[in-house]
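Before any comments, here is the structure.
Where a number appears in this text, it was derived from the coordinates with a stated rule and is not lab data. Model, not experiment: these values are computed from the prediction. Neighbour counts run over all protein chains shown; Cβ positions are idealised from the backbone, glycine included.
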Amino acid sequence: MSRNGAFISLEGIDGAGKTSLRELLIRGNYFDNIISIREPGGTYISEQIRAILLDARNTGMAPRTEALLYAAARSQVVEEIIRPALAQGQLVIADRYLDSTIAYQGYGRGLDLDFLIQLNHLCTGGLKPDLTLLLDIDPREGLRRRGEEKPDRLEQEGIIFQEKVRQGYLEIAAREPERVKVINAGREQSEVLAEAVEYLRELVGE
Ligand code: TMP
């Protein structure tokens, strides 16, 4: 299948503001022909896998099971939504993608990075984002922003886990500076949005 659209992923620890940024990018009508998904999720099947992954009662889930379920959810959304949208020339914005697995299951849980990369390569056919915006924030601030919201299974892991995930993200960004742009998400939402729009404009030329 040929590919004409552009694929952007939003990444960051819990509470960094990805979901709000995604909503602002869509509501602001900055770009035409956008489609957006969240991960895990984005399709009927992937949303069911999401429910298993985030269920706070599933405390016994083995790290490899977790990685396989995220990969399964991703495989479905790539096949059903992302590849067809790119083939039609759409701008796809994904709230999380492969870097979440590297940061959370790799740096957070300690699974082998090569295992995760190979697994995800198989599940996505090697599809990578053209651009990734990494919203970087101190985990304490992320926690504060989440406020009273009941934590899901991953959020229950606490500050030390989120700190490992954050460092993982920063290492990914240092390895792939062309693709991954780090945005300081500790600032006002309007500033974060403006920087994100600028990066997107550079990519799609609108
Ligand atoms: P969300 O709260 O941003 O919707 O994401 C759900 C949780 O799943 C979040 O804590 C991050 C985690 N996650 C992983 O651990 N690995 C992954 O590959 C993805 C996509 C999400």
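Worth a mention:
- Protection proxy ranking, highest mean first, for peptides 6-14, 176-184: 6-14, 176-184, where packing is the per-residue count of other beta-carbon atoms within 10 Å, averaged.
- With the biggest extent put first, the Cα atoms of the chain measure 46, 39, 31 Å across the principal axes.
- Measuring r between the beta carbons of Leu122 and Gln88 and using R0 = 35 Å, the FRET efficiency lands at 0.90.
- From most to least packed by mean Cβ count within 10 Å, the peptides 87-97, 146-156 give 87-97, 146-156.
- Helical content of the chain, expressed as a calculated mean residue ellipticity at 222 nm, amounts to -14000 deg cm²/dmol (DSSP H runs of 4 or more residues, -39,500 (n - 2.57) each, divided by residue number, nearest 500).
- Charged-residue dipole, Cβ positions (Lys, Arg, Asp, Glu), the chain about Cα centre, Debye nearest 20: 340
- Values of log10 I(q)/I(0), in the order q = 0.12, 0.21, 0.27 Å⁻¹, for the range 1-88 under a Debye, Cα-only, solvent-free model: -0.44, -1.14, -1.36
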